[in-house]
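**Student:** Let me give you the structure first, and then I'll get to my questions.
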Amino acid sequence: MTQGATKNLKVAIYVRVSTQQQTTDNQLLDLYEICERNDWTVVEEYNETISGTKSASDRKELQRMLNDASRKKFDKLVAVSYTHLTLPTSDLV
């Protein structure tokens, strides 16, 4: 893929924290900066406050993101860490 091919992508941002005492503000600032630097257009934001140990069915924003991804609503997903997208082993078996 050429460098120009990564410009003007439609991207979605996914952020998650585990408790109400935490905030996603810094994650959002970092990810929006990355998108701006790469000329990516943010078309959707998924913002969750829920433990990563919860099942996929409990994670409403994760479900919405997966549904939008299957509809090709965005070209790329950006997140601070892939661990924010991981599921408990019980969901994978």
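**Student:** With the crude spin-label approximation of a point 7 Å out along Cα→Cβ, what separation in nm comes out for LYS60 versus ASP39?
**Tutor:** 3.8
**Student:** Would you please give the residues with an amide H less than 5 Å from that of LEU9, counting only those at least 5 places away or on a separate chain, with H modeled from the backbone geometry?
**Tutor:** Under 5 Å from the amide H of LEU9 lie the amide H atoms of THR41, each far enough along the sequence or on another chain.
**Student:** Okay, next question. Identify all aspartates and glutamates with a Cα-Cα distance to LYS76 below 13 Å; exclude those on the same chain that are fewer than 8 residues away in sequence.
**Tutor:** Straight-distance partners of LYS76: ASP39, GLU44, GLU45, ASP68.
**Student:** Under a point-charge model restricted to the Cβ atoms of Lys and Arg (+1) and Asp and Glu (-1), what is the dipole moment magnitude of the stretch 1-76 relative to its Cα centre, in debye to the nearest 20? Spell out each step's value before the answer.
**Tutor:** Details: 12 positive and 12 negative charges, 78 e Å.
Its charge dipole is roughly 380 debye.
**Student:** Let me ask something else about it. Which lysines, on any chain, are close to LYS73 with Cα under 18 Å apart, when same-chain ones fewer than 8 places away are left out?
**Tutor:** LYS73 reaches LYS7, LYS10, LYS60.
**Student:** How much accessible surface does LEU9 have with a 1.4 Å probe, in Å² rounded to 10?
**Tutor:** Approximately 30 Å² of LEU9 is accessible to the 1.4 Å probe.
**Student:** How do ILE34, ILE50 rank by accessible surface area computed with a 1.4 Å probe, from largest to smallest? Working shown, then result.
**Tutor:** Details: ILE34 60, ILE50 30 Å².
Accessible-area ranking of ILE34, ILE50, largest first: ILE34, ILE50.
**Student:** To the nearest 10 square angstrom, what accessible area does THR24 show with a 1.4 Å probe?
**Tutor:** Roughly 10 Å² of THR24 is accessible to a 1.4 Å probe.
**Student:** Another question, then. Only loop residues by DSSP count here, and only those with at most 15 other Cβ atoms within 10 Å; note down the GluC sites (Glu not before Pro) in the stretch 1-59 that meet that.
**Tutor:** Qualifying residues, ordered by number: none.
**Student:** List the extent of the Cα atoms of the stretch 1-61 along each of their three principal axes, largest first, rounded to whole Å.
**Tutor:** 39, 23, 17
The values are calculated or read from the model by the stated rules, or taken from the named source; none is laboratory data. Since this is a predicted model, take the numbers as computed values, not measurements. In this analysis, Cβ positions are derived from the backbone assuming ideal geometry, glycine residues included, and neighbour counts consider all displayed protein chains. For the accessible areas, the whole protein counts, side chains as well, though only heavy atoms, and no ligand, DNA or RNA atoms are used. Shrake-Rupley method; radii C 1.70, N 1.55, O 1.52, S 1.80 Å.
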